[in-house]
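To start, the structure under review is shown below, and the notes come after it.
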């Protein structure tokens, strides 16, 4: 066990830090569209400098760095207050899945534009009646001579309005809940696809609904075998979670620094209830960060992420929600005025225990797949 | 709505307070046996003064007072630091069940000795493999010409070693889980009944195991119809819970006063974390007390206790456990020395969320019977 | 002792629920908060039914009913997320009646009771301005801060619309003119306002629970209604405990305000802590039970959560009440 | 960076688990605490294997391994509820090595390392006496209180057996003779003891979780193993998060103690808070999952819960650590 960075990791980090000072994209615009454009340009800058797909193999256009260097990169971006690249879904999920489960043709077709950000990706898993229960999906893909025809509706898809490709999970027949789903890469720029923004409780519209009406997907865009969608999707979701942890923990620590600053600004620094609640959150966030690095070492040993990723997802949601609650108590009687930072993040955090798999589902995963407890049948 | 006592209630309370000053039994001995003898004498004193079975109808030997006066009586006993009478199971459960579900013969046979304490009662519901799930009971009662023959084992029965009668729930055939149980009154003083003390985590032995080996119960000791045991048992358990609430809340407030005193003794009165935690417990306990009185008004209106009693059971266990946890933090580094009051009650409180129906079962009851949520099948 | 509502009190509760059902819904609440519609229809009915003067003495033009009746109206309006100037006006009346002098009572109470010259509630902020709901159109503003309350004519103030977390109410930042202090027992008066506010929070929590339970009965996942899963059903059971505990505490505090003034500080603190924490826990838990749909703008979950946060913090921090409770036992920062 | 055990470290962990399996069980733990049996067999093996000197420098007769290796031994012994003087002796060695002067090191460390003249840990109490585990038979007692540590020869003290909450250890109240203060950095030394103590608590929590999971798999109610009910399975999932979080924090703090002394105060506080709260939550939750059987004297649940309470409070209140963490951000009672 060695928690210090290797000389190579130190060199990578120092070079990156220097580069970030010289190439920082500046303050991210507040408007959703402005922010996305900003993050598209930023991804291009990262790509040109060889900082896109840090841990992807060189033969697939990545930097060929280690997962540890990928984690260092994520942390340094947060530390430098630089945004994440625009095609985060493609980089964190789409690419890794194609590298692991895709064909050579798919790799040569899809990977490069993911790295450059020339093609944005989105994820089409959840449906109005299938949030936690993927087996309840109703979106259908029927095979004809022109390939697959898709009909159905997806919800909670970020970036859908700008995406070129959608990771689409659809029913392809059969009753076995683990064998009747197929994982498609669906072209979003076709007549059969309609995207509508979804307004959420914060008032923002980060997400969209996608309506598929006779959208067409060619055979070569099936990932894995027909009927293997379930397995491929689970892998995707685990990559999503493996991405979290360390960097998100750092982001929370930065938020806690800002909250401590707010407490001092308001002259409440001697209120030990507030300070101990903040201290407890600092402790919880640090354990989340450490769990993240321990999990990463496991991934490096075993190759693919394990169900342990669900721990970080639960901790992340719980901590963010407690931060929001503490902030309201710090604001006291002023908590009833909309605040661009604190009241907004208090509201936004309520979705953290729902999006990307509810905390209840994560606990099911830990109970069944890590602790081997029996499943309700 | 009127939270002040009626003139009659005031008169009852003042007379009782005066009587308690004159007749207080003194300090309860520490030893289990000494304590039981003390509480037997105390029940006799209460009985002779007409303070046994406060809310029981006069025709059944009770005082014929209101349930509200019963609650006032319970609170005054706690306030005067007087123990509860020894035959508490008979007074709170056995008697009310016989009054509501029993025959005239059973009433004339069993009620009087319950009130005087001449015959102690215990409750034989739980079994090693049927804690939460009464349908899993395996104790069998088979009908012969000499009445019913009982074989099986019960656990967690208080007072069993001194009890004359046991409220026994046993299987009497059939598969319908709601129709194959019968409620018996079993004589504990017969060869077929063996009682063994059960030592619990605190080191005390409040409870016993009962082994039935061919114990005999005559037909006239069946309460309700054969096969109605489930319904009768549920009623019993609801009487048990209706008994709780207000008086137990007062007992906790007294404990919180003692804990506040401990905090001051140790010079920690300025630690706002400790004081606010205590304040939060005072608030929670007061809401439990108020819920109790509101529930009691409902019982008075509807005649029998409802499933709402489960709320008090959950609150009672949760508060007691938090009191124990707070006490350990007050003791700090001295929490590792056995303390007859605080470390003992910290340990004892862990059973509060298990005994008399686990908090999980109570939540099931609230979800299914109060909120009408669907049941897992 | 009888700890449940009298038939008259039940009639009040049912009447306000019926009124809200017929004259109000969450679309109206959203429109009111956004300023695209108003609440005049509802307000007229509240005035016509005499609710605005429900707890004002008959001498000053009110109905002379008790604080219990007032809290039943507040709970009903909270359940319906009715914004309406009702709460601010009632709070203003409570403050003037409990801490004002005869002259102040004569000047302000009749208008508050009839609703013709209504009052609004404002809280002083560190910068000297005040935050107030539904202040436009009010005749007077009642301002509170710990240990102090004052009344100021609205025409002596300037109002600036502000975005509130609670989007079913209209929040303004007020620059205050010459304010006329209330010289009576301000703490006792503010405790009464806390009780009315807590009643509103009970209504909010109850509504959040009802929505969660309904969703848990009907929403199916894994081939079963989600209400069969204990992660959902036990959460709903905890909501029930929170809602009923807060309701018990509010009813007790309301009765205590009219019958046992000496016990009001404790009863009011119990009510405020139980109601504000209960509303926060229940509205957040309800959103969780709803899952994604509960996080959409169109769903009412966030309206309830926003109301729980804003009303829960309106008069300051819950720790203040825990300190007051602990102080009764000789504990806390100022303990000897 | 590599955040997992090396093969050598895994070997240490496996060896201590194997040793406990073969030489110890909860019956032995109960007998030891009750004074009806002793731990000499286990102790001899610990000495023979050199574990007693695992983190003592070779110069002073130890193996010169690191704090990580020490915590692995502590965790293994905690998992097995092995009382044994090991922890007290290791804590004594850590204190002398980190805060003692050369003369104190020369005098005491070799005996601690070889186990021939072992040390024990005592905590000063307000009344001037000390509480210590396994003090009988020790050569020296290391006494700690906030900001101070001292060593005293056992023959200069008198011991009186005391009933401890933790019935798998022997607690004594010590009347202390002339104590020789450690003049080095006492806080840094105590932080290292906290890390070892936290490691023990991780073992305790892990064992409590294992028992709960096993029970949830096998115990049937309502025709199903209770592990299918989320009230049980989600509680077990939360145990997993508590156990793994505490383990991560302890491993990091142990590594930090040897490699990044400047970061030790924060790392040690994180470890102690995570481990003490995690052990309390896990042992109480495990008892709840077990139901009635978990509350019987014969079951090990309460042994684990008692150990969690006693070890969690041994060196004082968790709030002290939260204050230290908050102070780094300019918050707390002593903030400027």
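The values are calculated or read from the model by the stated rules, or taken from the named source; none is laboratory data. Since the structure is predicted, the reported quantities are computational estimates derived from the model, not experimental observations. Quick reminder, even Gly has a Cβ in these numbers, built from the backbone with ideal geometry, and neighbours come from all protein chains shown.
Worth a mention:
- Among the candidates A:137, A:169, residue that is within 14 Å of chain C (Cβ to nearest Cβ) and surrounded by 19 or more Cβ atoms within 10 Å (Cβ to Cβ): A:137
- Among the residues of region C:316-336, those identified as surrounded by fewer than 24 Cβ atoms within 10 Å (Cβ to Cβ) and in a loop (DSSP other than H, G, I, E, B) are C:316, C:317, C:328, C:329, C:330, C:332, C:333, C:334, C:335, C:336.
- Region D:30-45, subset in contact with a helix residue (DSSP H, G or I) (Cβ under 8 Å, 6 or more places away or on another chain) and modelled with pLDDT under 95, residue nearest to residue D:100 (Cα to Cα): D:43
- Test result for residue D:135, on the phi < 0 side of the Ramachandran plot, within 17 Å of the chain's Cα centre (by Cα) and modelled with pLDDT under 95: yes
- Qualifying positions in region A:48-72 - in contact with a helix residue (DSSP H, G or I) (Cβ under 7 Å, 6 or more places away or on another chain), in a helix (DSSP H, G or I) and at pLDDT below 95: A:67, A:68, A:69, A:71, A:72
- Residue in region B:306-322 that is surrounded by fewer than 22 Cβ atoms within 10 Å (Cβ to Cβ), at pLDDT below 90 and out of contact with any helix residue (DSSP H, G or I) (no Cβ under 8 Å at 6 or more places or on another chain) present: no
- For region B:273-283, the criterion of being without any contact (Cβ under 8 Å) to a residue 24 or more places away in the chain, at the interface with chain C (Cβ under 7 Å from one of its Cβ atoms), buried (at least 24 other Cβ atoms within 10 Å of the Cβ) and within 23 Å of residue B:356 (Cα to Cα) is satisfied by no residue at all.
- Among the residues of region B:188-208, those that are surrounded by 18 or more Cβ atoms within 10 Å (Cβ to Cβ), assigned to a strand (DSSP E or B) and out of contact with any helix residue (DSSP H, G or I) (no Cβ under 8 Å at 6 or more places or on another chain) comprise B:193, B:195, B:198, B:207, B:208.
- Yes/no for residue B:230 being under 22 Å from the mean Cα position of the chain (by Cα) and more than 14 Å from chain C (Cβ to nearest Cβ): yes
- Among the numbered conditions (1) more than 23 Å from residue A:316 (Cα to Cα); (2) surrounded by fewer than 19 Cβ atoms within 10 Å (Cβ to Cβ); (3) at pLDDT below 95; (4) out of contact with any helix residue (DSSP H, G or I) (no Cβ under 6 Å at 6 or more places or on another chain), the only one that residue A:177 does not meet is (4).
- Qualifying residue in region A:283-302 (condition: at pLDDT 95 or above, in contact with a helix residue (DSSP H, G or I) (Cβ under 8 Å, 6 or more places away or on another chain) and under 30 Å from residue C:126 (Cα atoms)): no
- Taken residue by residue, region C:202-210 has no member that is within 14 Å of chain B (Cβ to nearest Cβ), outside any helix (DSSP H, G or I) and modelled with pLDDT of 95 or more.
- Residues that are within 22 Å of the chain's Cα centre (by Cα) and facing chain D (nearest Cβ under 10 Å), drawn from region A:254-272: A:256
- Residue within region D:293-314 that is in contact with a strand residue (DSSP E or B) (Cβ under 6 Å, 6 or more places away or on another chain), assigned to a helix (DSSP H, G or I), at pLDDT 95 or above and farther than 30 Å from residue C:332 by Cα present: yes
- All positions within region A:209-251 that are in a loop (DSSP other than H, G, I, E, B) and closer than 24 Å to residue A:136 by Cβ: A:224, A:225, A:226, A:227, A:228
- Being closer than 30 Å to residue A:175 by Cα, modelled with pLDDT of 95 or more and either assigned to a helix (DSSP H, G or I) or in contact with a strand residue (DSSP E or B) (Cβ under 7 Å, 6 or more places away or on another chain) (or both) is a property that holds for residue C:231.
- Residue A:354 meets all of the listed conditions (1) modelled with pLDDT of 95 or more; (2) within 14 Å of chain D (Cβ to nearest Cβ); (3) crowded, with 23+ Cβ neighbours inside 10 Å but one, namely (2).
- Here residue D:225 clears all of (1) surrounded by fewer than 22 Cβ atoms within 10 Å (Cβ to Cβ); (2) away from every other protein chain (no Cβ under 14 Å) except the condition numbered (2).
- Options C:171, C:201, C:211; residue that is at negative phi and buried (at least 24 other Cβ atoms within 10 Å of the Cβ): C:201
- In region B:119-154, of all residues being in a loop (DSSP other than H, G, I, E, B) and free of Cβ contacts under 8 Å to residues at least 40 places away in the same chain, the one that is farthest from residue B:360 (Cα to Cα) corresponds to B:145.
- Those residues of region A:300-329 which are within 11 Å of chain D (Cβ to nearest Cβ), touching a residue at least 60 places away in the same chain (Cβ under 8 Å) and part of a helix (DSSP H, G or I), in sequence order: A:300, A:310, A:312, A:313
- Scanning region B:111-133 for residues that are crowded, with 23+ Cβ neighbours inside 10 Å, more than 19 Å from residue B:208 (Cβ to Cβ) and touching a strand residue (DSSP E or B) at 6+ places or on another chain (Cβ under 9 Å) gives a single hit, B:114.
- Checklist (1) buried (at least 23 other Cβ atoms within 10 Å of the Cβ); (2) within 18 Å of residue C:314 (Cα to Cα) applied to residue C:148, failing item: (1)
- Any chance residue C:193 is crowded, with 20+ Cβ neighbours inside 10 Å, within 14 Å of chain A (Cβ to nearest Cβ) and under 24 Å from residue C:313 (Cβ atoms): yes
- The set of residues from region A:87-98 being farther than 11 Å from residue A:223 by Cβ and assigned to a helix (DSSP H, G or I) comprises A:88, A:89, A:90, A:91, A:92, A:93, A:95, A:96.
- Among the candidates A:63, A:41, residue that is on the phi < 0 side of the Ramachandran plot and surrounded by fewer than 19 Cβ atoms within 10 Å (Cβ to Cβ): A:41
- Taken together, C:101, C:14 contain a single residue that is surrounded by fewer than 24 Cβ atoms within 10 Å (Cβ to Cβ), modelled with pLDDT of 95 or more and under 30 Å from residue B:68 (Cα atoms), which is C:14.
- Subset of region A:340-351 [closer than 19 Å to residue A:277 by Cβ and either facing chain C (nearest Cβ under 9 Å) or assigned to a helix (DSSP H, G or I) (or both)]: A:342, A:343, A:345, A:346, A:349, A:350
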